Amino acid sequence: MSYDIAVIPGDGIGIEVVDAVEPLLVDTAAAHGVDVSTTIFDWGSERYLDEGSMMPEDGLARLESFDAVFLGAVGHPDVPDHVTLRGLRLPITKGFNQHVCKRPSYLFEGVRSPLRNYEGGDIDFVVYRQNTEGEYADVGGREHRGFENEVAVQASVFTREATEAVVRPAFEAASERNGKLTNVTKSNAQAHGMVFWDDIVAEVSEDYPGVEVERLLVDAASMDLVRRPDEFDVIVASNLFGDVLTDLGGIISGSLGLAPSTNINPDRSSPSMFEPVHGSAFDIMGEGVANPLATVLSGALMFDHLGETAVATAIETAVAEQLADAAAPRTADIGGDATTVAVTDDLATRLVG
Ligand code: ATP
């Protein structure tokens with residue numbers, strides 16, 4: 001098979017990790033007889049500072065024909081975060097109906113969790129985050145700027161279609177994994193949108209009698225992800241809650257530098273997008289020390305989505321073996337002193353020879 005992949009390195013360490021990981025993915029695929037050609041798009045904050053927009057007006061039309069989009073990170077100290085987010089990532093996730101943001105959290109053997117008493121394999125859950133609406137809907141406004149009566153309104157939007165679009169695959173995943181789904185909600189305080197969300201979870205659960213459903217308020221879920229992370233299997237959450245909980249999931253699994261992410265269009269009518277959970281991390285940008293493994297693992301999830309499971313499994317196995325190997329290079333975030341490129345070179349030896 002052959003695939004055309006649109007690659008957007010973006011900003012900060014996104015550029016560094018994508019530079020190192022893109023050839024590794026292409027070469028690994030080729031070693032399995034899979035032909036991948038990539039097209040690089042230099043969209044992001046530098047473009048915004050030069051030309052006034054993160055991507056061209058016809059950006060989505062240019063991406064539409066690709067089999068997938070591979071994104072580094074967006075974010076820049078000189079550009080407000082709401083501009084970078086609303087200028088690139090959100091238009092793509094919303095415009096391509098990428099309703100499902102699936103983010104696994106896995107503590108690999110050889111990686112130390114900041115939580116005591118957890119070892120490789122003990123933390124293993126996946127978050128299904130609603131990715132196109134909820135608290136990230138662009139609905140609201142600001143009036144009377146600078147006056148005493150200044151007011152801002154920000155509305156959350158929950159639709160049946162886009163909620164079901166994430167709840168159903170979460171139940172599917174739970175039935176294929178350990179049969180447990182945790183619905184993270186805040187329906188005590190958000191009595192409209194979140195009660196609607198809970199109703200849909202209850203409705204869909206009737207189609208999955210083998211899945212045990214636990215309901216947790218987001219505050220309790222935050223506590224329990226620290227107190228008993230080993231008991232979680234599949235979590236389904238709104239856009240904002242899923243965003244927050246997956247940073248937590250990343251760090252309790254050792255580092256944000258290990259946490260991969262997907263933005264899936266469930267009916268495959270448009271490309272899906274794959275990216276690490278972490279952002280542009282300007283504090284370490286330019287030093288060549290960013291952990292590339294979150295991006296590598298996002299590549300594995302891309303191949304899995306494309307149906308190239310042998311490539312995906314090879315990459316995941318090589319990452320697991322590298323992390324378990326005390327003599328292998330590792331970056332500073334997980335206790336080593338290796339560079340980004342040393343880590344991907346070592347993986348290339350394992351995967352391509
Ligand atoms: P953004 O606002 O774009 O999300 P950020 O800099 O606020 O970016 P992250 O990029 O998510 O936040 O990073 C948070 C911290 O985690 C960084 O300061 C960095 O120290 C660390 N970090 C994130 N990703 C990596 C990585 N791949 N390798 C090493 N450290 C990382």
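The values are calculated or read from the model by the stated rules, or taken from the named source; none is laboratory data. Worth saying up front: this structure is predicted, and the values here are computed from it rather than measured. Note: ideal-geometry Cβ built from the backbone for every residue, glycine included; neighbour counts use all protein chains shown. Heavy atoms of the whole protein, side chains included, go into the accessibility calculation; ligands, DNA and RNA do not. Shrake-Rupley method; radii C 1.70, N 1.55, O 1.52, S 1.80 Å.
In µm²/s, what is D for the chain at 4 °C and 1.567 mPa s, where D = kT/(6 pi eta Rh) by Stokes-Einstein and Rh is the Kirkwood radius from Cα pairs?
Here the translational diffusion coefficient equals 62 µm²/s.
Amide H of Thr182: which non-local residues (sequence gap of 5 or more, or other chain) have their own amide H closer than 5 Å, using H built in the peptide plane?
Residues meeting the criterion, in which the H sits 1.01 Å from N, are Glu214, Asp233, Val234, Ile235, Val236.
What dipole magnitude, in Debye to the nearest 20, does the range 61-127 give about its Cα centre under +1 on Lys/Arg Cβ and -1 on Asp/Glu Cβ?
So the dipole magnitude of the range 61-127 works out to roughly 260 debye.
Please list, in order along the range 335-343, the HN-Hα scalar couplings obtained from phi with the Karplus expression 6.51 cos²θ - 1.76 cosθ + 1.60 (θ = phi - 60°), rounded to whole Hz, x for Gly and Pro.
x, x, 9, 7, 8, 3, 5, 4, 5
Got a sec? What order do Met223, Met1, Met194 fall in by accessible area at 1.4 Å, biggest, i.e. largest, first?
So, going from the largest accessible area down, we get Met1, Met223, Met194.
Quick one: which of 141-149, 212-220, 328-336 comes out on top by average Cβ neighbours within 10 Å, and what's the full order, highest first?
Ranking, from highest mean packing down: 328-336, 212-220, 141-149.
Amide H neighbours of Gly72 under 5 Å, counting only residues 5+ apart in sequence or on other chains, H built in-plane at 1.01 Å?
Ile8, Gly10
Packing-wise, with mean Cβ within 10 Å as the measure, how do 98-109, 150-161 rank, highest first?
Listed from highest to lowest mean packing, they are 98-109, 150-161.
Given the range 1-87, what percent of its DSSP beta bridges are antiparallel, to the nearest 5?
In the range 1-87, DSSP labels about 10 percent of beta bridges as antiparallel.
Considering only DSSP beta bridges where both residues belong to the range 124-252, give the percentage that are antiparallel (nearest 5).
The answer is about 30 percent antiparallel.
Between Leu240 and Ala191, what is the FRET efficiency for a Förster distance of 22 Å, r being their Cβ-Cβ separation, to the nearest 0.05?
0.85
State the percentage of accessible surface on the chain attributable to carbon and sulfur atoms; use a 1.4 Å probe and exclude ligands, DNA and RNA.
49
Once you place label points 7 Å from the Cα toward the Cβ at Val226 and Asp50, how far apart are they in nm?
Going from the Val226 label point to the Asp50 one covers 4.4 nm.
Relative to the present Cα-Cα distance, how much length would full extension add between Ser175 and Thr313 at 0.36 nm per residue of separation?
That pair, Ser175 and Thr313, stretches by 47.6 nm at full extension.
Can you give the accessible area per residue of the chain, in Å², using a 1.4 Å probe?
Normalised by residue count, the accessible surface of the chain is 44 Å².
Counting only protein chains, not ligands or nucleic acids, how are Val83, Val167 ordered by accessible area (probe 1.4 Å), most first?
In descending accessible area the options line up as Val83, Val167.
On a straight-distance basis, which lysines could pair with Lys94 in a cross-link, Cα separation under 27 angstrom, same-chain partners fewer than 8 positions away excluded?
Lys102, Lys186
Antiparallel as a % of all DSSP beta bridges within the chain, to the nearest 5?
Just about 45 percent of them are antiparallel.
Name the residues whose placed amide hydrogens come within less than 5 Å of the amide hydrogen of Ser272, ignoring near sequence neighbours (fewer than 5 apart) on the same chain.
Amide H neighbours of Ser272, under 5 Å, 5+ apart: Val69, Asn265.
For a quick protection proxy, order the peptides 300-313, 198-211, 35-48, 250-263 by their average other-Cβ count within 10 Å, most packed first.
Ranking, from highest mean packing down: 250-263, 300-313, 35-48, 198-211.
Kirkwood Rh and Cα-based Rg: tell me the resulting Rg over Rh for the range 222-296, rounded to two decimals.
Using only Cα positions, Rg/Rh for the range 222-296 is 1.01.
What order do Arg112, Arg86 take when sorted by accessible area (1.4 Å probe), most exposed first?
Descending accessible area places them as Arg112, Arg86.
Mind running the shape call on the range 12-64? Use the C-alpha gyration tensor, a ≥ b ≥ c as the square roots of the eigenvalues: rounded below 1.5 for a/c, prolate if a/b tops b/c, oblate otherwise.
oblate
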